[in-house]
1. Among 55, 40, which is in contact with a Phe, Trp or Tyr (Cβ under 8 Å, 6 or more places away or on another chain), among the aliphatic types (A, V, I, L, M) and modelled with pLDDT of 95 or more?
2. If residue 68 passes every condition in (1) at pLDDT 95 or above; (2) in contact with a His (Cβ under 9 Å, 6 or more places away or on another chain) but one, which one does it miss?
3. Just to be sure I understand the filter: pairs with C-beta atoms under 6 Å, separated by 6 or more residues or on different chains, first member in the range 42-68 and part of a helix (DSSP H, G or I), second member at pLDDT 95 or above and away from the ligand (no atom under 13 Å from the Cβ). Which pairs pass?
4. Could you list, in sequence order, the residues of the range 34-61 that are within 8 Å of the ligand (Cβ to nearest atom) and in contact with a strand residue (DSSP E or B) (Cβ under 6 Å, 6 or more places away or on another chain)?
5. With the condition kept exactly as written, say whether any residue in the range 13-30 is within 14 Å of the chain's Cα centre (by Cα), modelled with pLDDT of 95 or more and of a type in the set (Lys, Arg).
Amino acid sequence: MKNFLIIIMSLCVILPACYAETVVYNVKTHKYHKPGCTWAIKCTVNCIKLEKKEAVSRGGVPCKVCGG
Ligand SMILES: [Zn+2]
């Protein structure tokens with residue numbers, strides 16, 4: 001049982017899903033991107049960084065290129 005807990009904790013270090021995911025959200029088009037997305041890098045005026053769930057709650061839709 002102890003080993004099981006260690007495995008779960010190790011997975012949390014590897015998997016980004018265990019963290020609050022930060023995305024780049026375009027306040028004008030309401031699309032959100034992964035921080036490494038070409039469009040996120042190009043978007044300098046209308047984009048803000050926030051948590052993915054926050055972007056979704058603001059009516060954000062995932063980018064078709066990076067999948068949000
Ligand atoms: Zn994108």
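1. One residue alone meets the criteria, 55.
2. Answer for residue 68: the failing condition is (1).
3. Short answer, once both residue conditions are applied: none.
4. Across the range 34-61, the qualifying residues are 39, 40.
5. Among the residues of the range 13-30, not one is within 14 Å of the chain's Cα centre (by Cα), modelled with pLDDT of 95 or more and of a type in the set (Lys, Arg), which makes the answer no.
The values are calculated or read from the model by the stated rules, or taken from the named source; none is laboratory data. Please read all numbers here as calculations on a predicted model, not as lab measurements. Ideal geometry is used to build each Cβ from the backbone, glycine not excepted, and the neighbour counts take in all protein chains shown.
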